[in-house]
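Below is one structure, written out as structure tokens, with a few remarks after it.
Values in this text are rule-based calculations from the coordinates and carry no lab data. Values in this document were obtained by computation on a predicted structure and should not be read as measured data. All Cβ positions, even for glycine, are placed from backbone atoms using ideal geometry, and neighbour counts span all protein chains on display.
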Amino acid sequence: MPLVVLCGFPCSGKSRRAKELNDYLVAGSSGGRKVHIVGDEALGVQRNGVYADSQKERELRGTLRAEVERKLNKEDVVILDSLNYIKGYRYELFCLVKHTQTPHCLIHCLTAPEISSVWNSSREPENQYTQEMFDALVQRFEAPDSRNRWDSPLFTVQKDDTLPLEDICNAIFHRKAPTPNQSTQSQPLSSTNYLHELDKVTQDVVMAILKAQKTSVPGDVIAVPGASEKIELTRTLSMAELRKLQRQFISYTKLHPNENISQLANMFVQYLNKSTH
């Protein structure tokens with residue numbers, strides 16, 4: 001189901017708008033919908049530390065994207081509540097919904113920097129951006145443009161505006177999904193259960209690696225569920241990197257299905273060993 005992307009300056013009201021939309025969808029007249037809110041707060045992000053380090057910020061964006069991709073399905077709504085201030089990143093999200101063949105929309109919380117700064121100052125100290133970091137993020141912000149297909153449909157709301165809930169619902173429920181590029185469409189799967197198993201097996205391997213790394217050091221060999229092959233841990237692998245490799249493996253395997261489901265775990269382990277050495 002659809003993806004709703006929030007964007008705006010730090011402390012511009014994005015989380016409040018995400019909650020408004022969530023409450024409206026959950027209490028819908030047709031029995032409501034299940035909604036997943038993905039964002040910095042849910043991940044417990046230490047904002048000043050992450051956004052001051054380009055590598056950590058890149059990893060955070062990768063983690064958020066992976067979480068969005070994992071939760072997108074045919075029934076639920078996913079709301080991405082983060083800064084989403086980089087045009088190229090919003091384009092990546094558009095490519096994701098295009099590949100998934102689901103509609104999306106963008107909500108831009110257009111709040112003046114002076115007001116956002118006051119709202120930032122009113123937060124609990126541990127949740128505040130430093131003024132230096134706040135100013136830097138405002139400077140970096142790349143405003144959305146509805147002429148760009150990845151920023152459309154675009155709903156711009158100021159601090160005292162009423163969120164156009166019905167218009168947003170029309171955009172995400174009654175609009176055709178973007179057509180995927182012919183080259184990126186998956187071939188028919190050899191089994192209706194194949195995609196589910198592929199996702200489950202690779203997810204289990206990723207979680208096993210993350211868990212094992214807590215007590216392992218580079219040079220160790222890690223056993224993972226369902227595989228006779230073992231992970232050769234040459235270095236610590238971040239969640240963002242593992243998710244990226246998982247997506248790449250799934251994309252390749254969907255195009256070249258292996259009917260022997262029992263070999264999926266071994267294939268993924270082999271892929272990880274080749275990709276991380």
Requested in this report: Report, by chain and number, residues whose modeled amide H sits under 5 Å from the one on H104, excluding near sequence neighbours (fewer than 5 apart, same chain).
Outcome: L3
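Could you tell me the calculated FRET efficiency between A136 and Q46, based on Cβ-Cβ distance and R0 = 22 angstrom, to the nearest 0.05?
That pair, A136 with Q46, gives E of 0.90.
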**Report entry** DSSP beta bridge pairing in the chain, given as percent antiparallel to the nearest 5
**Finding:** 15
Requested in this report: Quote the FRET efficiency, to the nearest 0.05, computed for A143 versus K74 with a Förster distance R0 of 45 Å and r equal to the Cβ-Cβ distance.
Outcome: 0.90
Report task. Could you work out how far apart the two model spin labels at T276 and L195 are, taking each label as a point 7 Å from the Cα in the direction of the beta carbon, and quote it in nm? Result -> 2.7
Query raised in the report: If exposed GluC sites (Glu not before Pro) are those in a DSSP loop with at most 12 other Cβ within 10 Å, what is the longest stretch of the chain that has none?
Result: 76-258
Report task. With label points built 7 Å along Cα→Cβ from the Cα atoms of E232 and A112, find their separation and express it in nm. Result -> 6.1
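For the stretch 1-98, which trypsin sites (Lys or Arg not before Pro) are both in a DSSP coil and crowded by at most 16 other Cβ atoms within 10 Å?
Working: sites: K14, R16, R17, K19, R33, K34, R47, K56, R58, R61, R65, R70, K71, K74, K87, R90, K98; in loops: R33, K34, K74.
Listed in order of number, the matching sites are K34, K74.
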Query raised in the report: Rounded, prolate or oblate: which fits the stretch 1-90 when a ≥ b ≥ c are the square roots of the eigenvalues of the alpha-carbon gyration tensor, with rounded for a/c under 1.5 and prolate only if a/b beats b/c?
Result: prolate
**Report entry** Per-residue HN-Hα couplings for the stretch 52-62 [Karplus 6.51, -1.76, 1.60; θ = phi - 60°; Hz; x = Gly/Pro]
**Finding:** 8, 10, 4, 5, 5, 5, 4, 5, 4, 4, x
Query raised in the report: Of the residues V217, V78, V97, which exhibits the maximal mean-square fluctuation in a Gaussian network model of the chain defined by a 10 Å Cα contact cut-off?
Result: V217
Query raised in the report: So what's the back-of-envelope 222 nm ellipticity for the chain, counting only DSSP H runs of four-plus at -39500 (n - 2.57) apiece and dividing by all residues, rounded to 500?
Result: -14500 deg cm²/dmol
Query raised in the report: In the calculated pair distance distribution of the chain, what percentage of Cα-Cα distances lie above 22 Å?
Result: 62
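How much length would be gained if the chain were fully extended between S152 and R58, taking 0.36 nm per residue of separation minus their Cα-Cα distance, in nm to one decimal?
31.4 nm
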Query raised in the report: Taking Cα pairs under 8 Å and at least six residues apart, what relative contact order does the chain come out at, in percent?
Result: 22
**Report entry** Under 5 Å, built H, 5+ apart or other chain: amide partners of Q158
**Finding:** L110
Report task. Could you calculate the contour length gain from D160 to K211, that is, 0.36 nm times the residue separation minus the distance between their Cα atoms, to one decimal place in nm? Result -> 13.8 nm
Query raised in the report: In terms of modelled amide H atoms, which long-range or inter-chain residues lie less than 5 Å from the amide H of I37?
Result: I79
Requested in this report: Might you report the magnitude of the Cβ-based charge dipole of the chain about its Cα centre, with Lys and Arg at +1 and Asp and Glu at -1, to the nearest 20 debye?
Outcome: 580
